[in-house]
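J.: Got a structure for you, written out below as structure tokens; questions coming shortly.
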Amino acid sequence: MLRIAQTLEAQLRAAMQQAFPEADGELNPALGPASKPEFGDFQANGALALAKPLKQAPRQIAAAIVEQLQNNPAFSALAEAPEIAGPGFINITLKPSVLAAEVRQRIGDPRLGVAAVEQAEAPVIVDFSSPNIAKEMHVGHLRSTIIGDCLARVLEFRGHQVLRLNHVGDWGTQFGMLITHLKQVAPEALNTADAIDLGDLVAFYREAKKRFDDDEAFQTTSREEVVKLQGGDATSLKAWGLLCDQSRREFQKIYDRLDIRLSERGESFYNPQLAAVVDDLRSSGLLVTDDGAGCVFLEGVVGKEGKPLPLIVQKSDGGFNYATTDLAAIRYRLGSAGDGAGRVIYVTDAGQAAHFAGVFQVAKRAGWVPAAASLEHVPFGLVQGDDGKKLKTRAGDTVRLKDLLDEAVERAQADLRRRLKEEERQESDSFIDQVATTVGLAAVKYADLSTNRITNYQFSFERMLALTGNTAPYLLYAVVRISGIARKGGALDGELPEHLVFEEPQEWALIRQLLQLDAVISEVESDLLPNRLCTYLFELSQSFNRFYDQVPVLKADEPMRSSRLALCRLAADTLKLGLSLLGIPSLERM
């Protein structure tokens, strides 16, 4: 409906200009979806805003606009006669022939009517996942990884050139203390690949961190090790490379399992650029030395005493920090000598909002953000347990992402075996493994994406694996059911009938739902809220159920039978496409 909405908006604007040539400024029809089905397909509220400057009643203004619309043959070909409601709303109902033509155009179209961007602009960067080397991926990485992948999929589908960047923590003080500790307790790990497994490496990291916090001599030695690493010492660099490679392979196992593509570009990539960042800030007059540290004081951000808060970009000992690296990344990503991106999206937890607000402000003031470019932080809430607190194991430890995914698949398999037994069905082990893996991982993804990312959500295997409600298993089952109906009726083979015939209210309700796909994807592209797509898919499946329960399909006479089977085919294709944009593959059987 997005293309039709754009056409209607242009026609409304022209009608407003014809009716009120004396009106100043650009006229806004304020066109949007109708608030209720009985009001039609669209509602234009532009008359209300014109009442004060034109000194006329809104209904009088609306009547003048409607008169101009009805004199426009192009509008009359699209819509029924407009109706004026309330204080001056203009309700517009599309003609059945227009809706039927839209359905026909979308069937068999791999894009289902969703237009690609006319001209791929500058690249879009989606920065997501970002685990730390020498640590295992845990539940805290779940939301960034899944939300970031979904947004990248939507942007790619729209035709944007997307760089999926994994800004891993692979540099800094933690490597100095880890290498120093390993030299003493497991020196073989520093010169031999995979001499210890990642679990042991994580344990050694914890030990090193404790020693760093408690032992001043160890702290000094660790900092000396960092200097060696940053200075290009061959032994230190080899040890660092081995540690990074080992962690990277473990991360990749998770990414492969979740079908997520990422290009790694860690903190170390920007290390050679940090000094230039500080020099640029100094030459632009933004850098101030405060208590020995190089800072940029933020505008409009004050502390408890009412003084501006600083963003520290160079520590008093001359070292750099996360802010320096993030500034270097912006400078490179938006610069013509770097990625030349036009939009950079950071998918991190809401706790980093203040950090990114400060970094974005400094980058803009430094002149590193072109006028046409945008920096966007996509914050998300916590994954919580039943107690409403951050999800932990019973022992109080952070939940490993691998363990969480394993349990989801195991539970999905147990549910499937129980259902097969109840239905007295016999299936192969390979079928059970495939379905359980797909359903288990889909359940985890969908439970996360279907929640407004800004809020916290409580993690519940029982709720996310349910075959009823707004869940992945419910939608996957809906696809299987609808595809089966279409296949049985022959809708997936052969040519469409020349004319699609629809008469029942349930048919028109389903059609209108199906034709909203392009507008929903456009919203996700701009607002970066995947839950809107999830809500759409769930509501679409409910609309289909009402249609199928109340209107005969396979037993209907022609031409209704072929027309209704065409709706089944389009509904199945729409659900499959929507799920694929969420990173969820469909199943033929469950």
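The values are calculated or read from the model by the stated rules, or taken from the named source; none is laboratory data. Note that this is a predicted model, so its numbers are computed, not measured. We place every Cβ from the backbone using ideal geometry, glycine too, and count neighbours over all the protein chains shown. Accessible surface is based on the protein model in full, side chains and every heavy atom, while ligands, DNA and RNA are left aside. Shrake-Rupley method; radii C 1.70, N 1.55, O 1.52, S 1.80 Å.
J.: Would you mind computing the Rg to Rh ratio of the range 4-143 from its alpha-carbon coordinates, Kirkwood style for Rh?
T.: Taking Rg over the Kirkwood Rh, I get 1.20.
J.: Given a Förster distance of 22 Å, report the FRET efficiency between Gln352 and Gln161 from their Cβ-Cβ distance, rounded to the nearest 0.05. Provide the component values of the computation, followed by the final result.
T.: Details: r = 26 Å, r/R0 = 1.19.
For R0 = 22 Å, the calculated efficiency reads 0.25.
J.: Could you tell me how many cubic angstrom of Cα convex hull volume the range 257-333 has per residue?
T.: Convex hull of Cα atoms, per residue: 151 Å³.
J.: Next up: As a test question: what accessible area, to the nearest 10 Å², does Tyr548 have when a 1.4 Å probe is rolled over all protein chains in place?
T.: 60
J.: Hey, could you get me the Stokes-Einstein D for the range 406-565, Kirkwood radius over alpha-carbon pairs, 10 °C and 1.306 mPa s, rounded to whole µm² s⁻¹?
T.: Value of D from the Cα-based Kirkwood radius: 89 µm²/s.
J.: Using the Cα centre of the range 161-261 as origin and beta-carbon charges of +1 (Lys, Arg) and -1 (Asp, Glu), tell me which of Leu163, Thr221, Leu237 is placed farthest towards the positive end of the dipole.
T.: It is Leu163.
J.: Shifting gears a bit: What do you get for Rg/Rh over the range 478-588 if you use C-alpha atoms and the Kirkwood form of Rh?
T.: For the range 478-588, the value is 0.98.
J.: Among all the aspartates and glutamates, which ones have a C-alpha under 15 Å from Lys238's C-alpha, if same-chain residues fewer than 8 places away are not counted?
T.: Asp170, Glu188, Asp194, Glu225
J.: Compute the label zone of Asp194 within the range 122-143: residues whose backbone N is under 16 Å from the point 7 Å along Cα-to-Cβ.
T.: Counting only backbone N, you get no residues.
J.: Let me ask another. Just read off the accessible area of Met137 with the full protein assembly in place, 1.4 Å probe, to the nearest 10 Å².
T.: Here the accessible area works out near 10 Å².
J.: Calculate for the chain the 222 nm mean residue ellipticity that helices alone would give, adding -39,500 (n - 2.57) per DSSP H run of length 4 or more and normalising by residue count, nearest 500 deg cm²/dmol.
T.: Using -39500 (n - 2.57) per qualifying helix, the result is -17000 deg cm²/dmol.
J.: Mark the label point 7 Å from the Cα of Glu22 along Cα→Cβ and return the residues of the range 47-79 whose backbone N is within less than 14 Å of it.
T.: 51-57, 61
J.: Enumerate the lysines that Lys555 could reach by cross-link, defined here as Cα to Cα under 27 Å, with residues fewer than 8 away along the same chain left out.
T.: Lys555 reaches Lys488, Lys576.
J.: Putting +1 on Lys and Arg Cβ atoms and -1 on Asp and Glu Cβ atoms, find which of Ile147, Ala186, Phe175 reaches farthest to the positive end of the dipole of the range 88-223.
T.: Of the candidates, Ile147 comes out farthest on the positive side.
J.: What ranking of Glu22, Glu427 comes out by heavy-atom accessible area, probe 1.4 Å, highest first?
T.: Glu22, Glu427
J.: Now for a separate question. Say each of Asp429 and Val480 gets a label point 7 Å from the Cα, pointing the same way as Cα to Cβ; how far apart are those two points in nm?
T.: In this crude label model, Asp429 to Val480 measures out at 2.1 nm.
J.: Given the convex hull of the Cα atoms of the range 90-202, what is a quarter of its surface area in nm²?
T.: For the range 90-202, the mean projected area of the Cα convex hull comes to 13.4 nm².
J.: Same structure, new question: How big is the range 182-326 by Rg and Dmax over its Cα atoms, in Å?
T.: Taking only Cα atoms of the range 182-326, I get Rg and Dmax of 19.0, 54 Å.
J.: Could you order Ser336, Ser450 so the one with the most accessible surface comes first? Probe is 1.4 Å.
T.: Ser336, Ser450
J.: Another question, then. For His499, His160, His181, His355, give the ranking by accessible area with the largest first, probe 1.4 Å. Before the final figure, lay out the partial values.
T.: Details: His499 130, His160 30, His181 10, His355 55 Å².
Per-residue accessible area, sorted high to low, gives His499, His355, His160, His181.
J.: Checking a compactness column here: for the range 9-85, what do you get for Rg(Cα) / (2.2 N^0.38 Å), N being the number of residues?
T.: Computed over Cα atoms of the range 9-85, the ratio equals 1.04.
J.: To continue, here is another question. Can you find, among Phe538, Leu514, Leu496, the residue farthest towards the positive end of the dipole of the range 480-590? Put +1 on the C-beta of Lys and Arg, -1 on that of Asp and Glu.
T.: Final value for the positive-end residue is Phe538.
J.: Suppose every Lys and Arg Cβ carries +1 and every Asp and Glu Cβ carries -1, with no other charges. What dipole size does the chain come out with about its Cα centre, to the nearest 20 debye?
T.: Rounded to the nearest 20 debye, it is 440 debye.
J.: Rounded, prolate or oblate: which fits the range 298-424, taking a ≥ b ≥ c as square roots of the Cα gyration tensor eigenvalues, rounded meaning a/c under 1.5, else prolate when a/b beats b/c? Before the final figure, lay out the partial values.
T.: Working: a/c = 3.08, a/b = 2.04, b/c = 1.51.
Because a/c hits 1.5 or more and a/b exceeds b/c, the range 298-424 counts as prolate.
J.: I'd like the FRET efficiency for Leu237 and Ser374, computed as 1/(1 + (r/R0)^6) with the beta carbon distance as r and R0 of 45 Å, rounded to 0.05.
T.: 0.80
J.: Okay, moving on. If I ignore ligands, DNA and RNA and count only protein heavy atoms, how much of Ser76 is accessible to a 1.4 Å probe, in Å² to the nearest 10?
T.: Approximately 40 Å² for this residue.
J.: For the range 1-96, what relative contact order do you get, as a whole percent, if you take Cα pairs closer than 8 Å and at least 6 residues apart?
T.: Result for the range 1-96 is 28 percent.
J.: Between Gln252 and Arg282, with labels modelled 7 Å along Cα→Cβ, what's the label distance in nm to one decimal, could you check?
T.: Rounded to a tenth, the inter-label distance reads 4.1 nm.
J.: Any number yet on Rg/Rh for the chain, C-alpha, Kirkwood?
T.: When Rh is taken as the Kirkwood radius, the ratio is 1.04.
J.: Once you have a ≥ b ≥ c as the square roots of the Cα gyration tensor eigenvalues for the range 205-284, tell me rounded if a/c is under 1.5, and otherwise prolate or oblate according to whether a/b is larger than b/c.
T.: Here the range 205-284 falls in the oblate category.
J.: What is the dipole size for the range 119-194, taken about its Cα centre, with +1 at each Lys and Arg Cβ and -1 at each Asp and Glu Cβ, in debye to the nearest 20?
T.: Here the size comes out at about 160 debye.
J.: Pop the C-beta distance of Ser35 and Leu420 into the FRET formula with R0 = 60 Å and round what comes out to the nearest 0.05.
T.: Here the calculated transfer efficiency is 0.85.
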